[in-house]
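Q: Before we start, here is the structure in question, set down as structure tokens.
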Amino acid sequence: MDFLVKKHLSGRDWAIDIGVGAACFFVAYLQLYISTSPIVFSDDLLRQSVGIIVRDPSPGTYLVLASTTLPLAFRRKFPWPSFLFIFLVFCTAQDTSPGYAFSVVGPAVSMFTIVYERPKREIVTAGVVAGILLLIARIPSDNDSVASVVRIQNIAFVGAGLAAGVAVRTYVNYVQAIRLRAEEAERTREAEAAKRVEEERLRIAREIHDITAHSLSAVSIQAAAAERLIDRDPEMARDAIRQVRQTSKGALEEIRSMIGVLRNVGQEEQTQPTAGTERLSDLLEYARGAGLAVHSDTQGYHADKVPAYADVALFGIAREAVTNTVRHARAQTLWVTLTSDATNARLSVEDDGVGCLAGAAARGGGNGIIGMVERAKVLHGTCQTGNREGGGFSVHVSLPLAETEQT
């Protein structure tokens, strides 16, 4: 057992413990003063029932009070030495200072400190030691019944200190466990969100890998055709070269937009061809099959003038938004609008479901939304999500398009 506990205490801790020792001494002194006052206890038998044998305590009595309370200033720095000292003085000094039998506040606080500060295995030891000392302590009295009452009173006060220490210790441990669980949940949530964002970036990188490979293959085919046609059909050769220029420009825009993501990709993986807005009809059929009334408008969208990377990104966001609606929104109607002009491509997905507040838990804590926002962000676009006016949820996306190169 480690009797000399070298526990570091701050200045505030020392001030608290010194204050506890002084307060206990004051309480013990006040109890003794009131109990020995002839005004309060004029009857000798009544005075003896609370352990006060003499009407006028000697100076030694107050010295004993100080010896069983002031050492509490070291109760956390040296819990066992102060505990044993206080109990030994308390149980052996009553013959010389019989008035001390009333002042059990020091031992009770000392017991509380041992129970609260020390390991669980030492609580039993402290309880056994205190019980033995209190049982064998001689309590001077002309009446054995009075002595028994005083002994039971002392044991009860010390037992109350032990019970209070257990209760406070249990409560503090419970609060600490709740705090640790909350911190762990926060770390897990942040890690999961980061994982989802990283997965989204990797998926975008794979899509750009496919698009770039497709574009370079198209450039190769169109260049070969131009080479064959340049002598016999110059006009068709110029068309092929124009297609080469447009296709290569789109590939360069893809690389420029996604180079930051590609740097974070640690490995290459085999992937299936990436789907674009040409698969939007399949996505809408999926929503209809889930029982939604689907209203779509794509007449203002010109896929041939939208770079492949933007087209794929729009479809990916639409797929995530529609899937969220089907799985979590409990909606009846779905609206999907896709438009484009010379500078931007826009997507709008709205439903009349429960909205983001009621469906937040089901939406995976917002990680799907994080993925959509991240996908738009890496393409220098915007993705605004939130509750729809009139009820439901909405996703509005705008992606900037490269300006047409001058011929």
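Q: For the stretch 161-198, how many residues meet the condition of being within 15 Å of Ile123 (Cβ to Cβ) and either over 19 Å from the mean Cα position of the chain (by Cα) or of a type in the set (S, T, N, Q) (or both)?
A: Residues flagged as within 15 Å of Ile123 (Cβ to Cβ) and either over 19 Å from the mean Cα position of the chain (by Cα) or of a type in the set (S, T, N, Q) (or both) within the stretch 161-198 amount to 11.
Q: Looking at the stretch 126-149, is at least one residue in a helix (DSSP H, G or I) and more than 27 Å from Phe83 (Cα to Cα)?
A: Yes; the residues of the stretch 126-149 include at least one that is in a helix (DSSP H, G or I) and more than 27 Å from Phe83 (Cα to Cα).
Q: Kindly list, by first and then second residue, each pair from a residue in the stretch 223-235 that is more than 17 Å from Gln246 (Cβ to Cβ) and open to solvent by 50 Å² or more (accessible area, probe 1.4 Å) to a residue that is among the charged types (D, E, K, R) and in a helix (DSSP H, G or I), limited to pairs with Cβ atoms under 9 Å and residues at least 6 apart or on different chains.
A: Ile230/Arg238
Q: Quick one: would you say Leu180 is open to solvent by less than 80 Å² (accessible area, probe 1.4 Å) and modelled with pLDDT of 75 or more?
A: no
Q: Oh, and also: Given the condition assigned to a helix (DSSP H, G or I), at pLDDT below 70 and within 20 Å of Val378 (Cα to Cα), answer yes or no: does some residue in the stretch 237-250 qualify?
A: yes
Q: A follow-up question, please. I'm told Arg47 meets every condition in (1) modelled with pLDDT under 60; (2) outside any helix (DSSP H, G or I); (3) under 21 Å from Ala147 (Cα atoms); (4) of a type outside the set (Phe, Trp, Tyr) except one. Can you identify the failing condition by its number?
A: Arg47 satisfies every listed condition except (2).
The values are calculated or read from the model by the stated rules, or taken from the named source; none is laboratory data. The model shown is predicted, which means the values in this text are computed figures rather than measured ones. A quick note on method: Cβ atoms are made from the backbone with ideal geometry, for glycine too, and the neighbour counts reach across all protein chains shown. Ligands, DNA and RNA are stripped out before the accessible areas are found, and what is left, the full protein with its side chains, is counted by its heavy atoms. Shrake-Rupley method; radii C 1.70, N 1.55, O 1.52, S 1.80 Å.
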